[in-house]
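Step one of this worksheet: look at the structure below.
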């Protein structure tokens, strides 16, 4: 099928300040994050692109974050589907205790249902 949604489980190893395209500059505290995206074609290739640390053009908000040497993907979940369900998976995550939106609008500029598609998970 090679289409559907994915979640990138990301670790930021130390606090960083980054400019995220037109969104502006933000401070990202050290910790665990989950980015939810979709690709209705070439899902597996999209995930591999995100995992690659080679120089690539920043197309999406997540590209700016993943380009930092202090950021790493430690797990990927793939949800194959012929329908776009990234908001479903993102909102399911947002209902969990200890999750926060670090940057409003991050990864969700074309979404009306989610405040962002990057979620910070507080590990107390």
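The values are calculated or read from the model by the stated rules, or taken from the named source; none is laboratory data. Everything numeric in this text was worked out from a predicted model, so none of it was measured. Neighbour counts are summed over all protein chains in view; Cβ atoms, including those assigned to glycine, are modelled from backbone coordinates with ideal geometry.
Points to keep in mind about this one:
- Filtered by the rule that a residue be over 15 Å from residue 62 (Cβ atoms) and outside any loop (DSSP other than H, G, I, E, B), segment 94-124 gives 94, 99, 100, 121.
- Filtering 55, 2 for residues that are outside any strand (DSSP E or B), exposed (fewer than 11 other Cβ atoms within 10 Å of the Cβ) and over 11 Å from the mean Cα position of the chain (by Cα) leaves a single hit, 55.
- Residue within segment 9-22 that is buried (at least 17 other Cβ atoms within 10 Å of the Cβ), modelled with pLDDT of 95 or more and closer than 17 Å to residue 121 by Cβ present: yes
- Looking across segment 69-93, just one residue is over 16 Å from residue 43 (Cβ atoms), assigned to a loop (DSSP other than H, G, I, E, B) and in contact (Cβ under 8 Å) with a residue 40 or more places away in the chain, and that is 70.
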